[in-house]
Each structure stands twice: as structure tokens, then as C-alpha cells.
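Scroll down for the structure; my scribbles are underneath it.
The values are calculated or read from the model by the stated rules, or taken from the named source; none is laboratory data. Remember, it's a predicted structure, so these values are computed and weren't measured experimentally. Just so you know, the surface numbers come from the protein's heavy atoms only, side chains and all, with ligands and any DNA or RNA stripped out. Shrake-Rupley method; radii C 1.70, N 1.55, O 1.52, S 1.80 Å.
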Amino acid sequence: MMTVLIVLTIVLHCILTTGTVLVWMSAKKSAPEMLPKVFFLSMGVRLFASIILFAVGVYLLRGDMEPMKLFTVVFIAAYLLMLLFDTAFFYWSSQLLNKK
């Protein structure tokens with residue numbers, strides 16, 4: 001069960017990151033003034049999806065503290081890495097937009 005939850009966490013973050021990049025690129029072409037709203041909306045969706053996945057994981061691992069602690073650590077690490085990637089991506093993208 002633990003391995004499934006860890007894989008789901010990583011897959012969720014990959015899907016959300018890919019979706020964010022695709023929406024960002026589309027908004028950049030069609031409506032660059034909407035980029036800040038796209039950024040905040042994507043962060044909200046990502047946070048909401050992560051909270052749901054975390055709650056499901058904790059519910060499934062209830063009663064067994066060691067796997068729950070490991071899942072929490074892996075989940076937080078994956079979320080922080082995703083935030084770091086997003087920060088770098090959006091900073092890089094905004095620098096490219098400002099040069100044009």
C-alpha cells in the first residue's frame with residue numbers, strides 16, 4: 001500500500017506539472033496579461049489536489065504510524081520539489097517574457 005501511495009504522489013505531481021506547463025504556454029500565446037491569474041489558479045488546483053491525495057493516504061494508512069510518517073515525509077518532499085520547480089520555471093518564463 002505504501003509503495004502505491006508514493007507512486008501516486010509522484011504521478012500526481014508529474015501530471016499537475018505537465019498540465020500547468022501546457023496551460024501556461026497556451027496562456028502565454030493567447031493572453032499574456034492573464035499569466036499571473038493562471039499561475040495562482042494552477043497553484044490553487046495543485047494544493048487542493050495534493051490535500052485530497054494526502055488525506056486519502058493518511059486515511060488508508062491509519063493505525064500504522066511508521067508508514068504514515070514515511071508517506072508524509074515523501075509527500076512533503078515531492079510537494080516542495082514541485083514548488084521549487086514551479087518557481088524556477090515561472091521565473092525563467094517571466095524573464096523571457098520581459099526580454100521580448
Heavy-atom accessible surface of the chain: percent carbon and sulfur, 1.4 Å: 78
Helical contribution to [θ] at 222 nm, DSSP H n ≥ 4, -39,500 (n - 2.57), averaged over the chain, rounded to 500: -32500 deg cm²/dmol
Span-like helix ranges in the chain, DSSP H, alpha carbon extent 24 angstrom or more, Kyte mean at least 1.6: 35-60
Once the Cα gyration tensor of the chain is diagonalised, semi-axes √(5λ) in Å: 32, 12, 10
For the chain: relative contact order, % (alpha-carbon pairs under 8 angstrom, 6 or more apart): 38
Kirkwood Rh (inverse of mean 1/r, distinct Cα pairs), segment 46-100, angstrom: 13.1
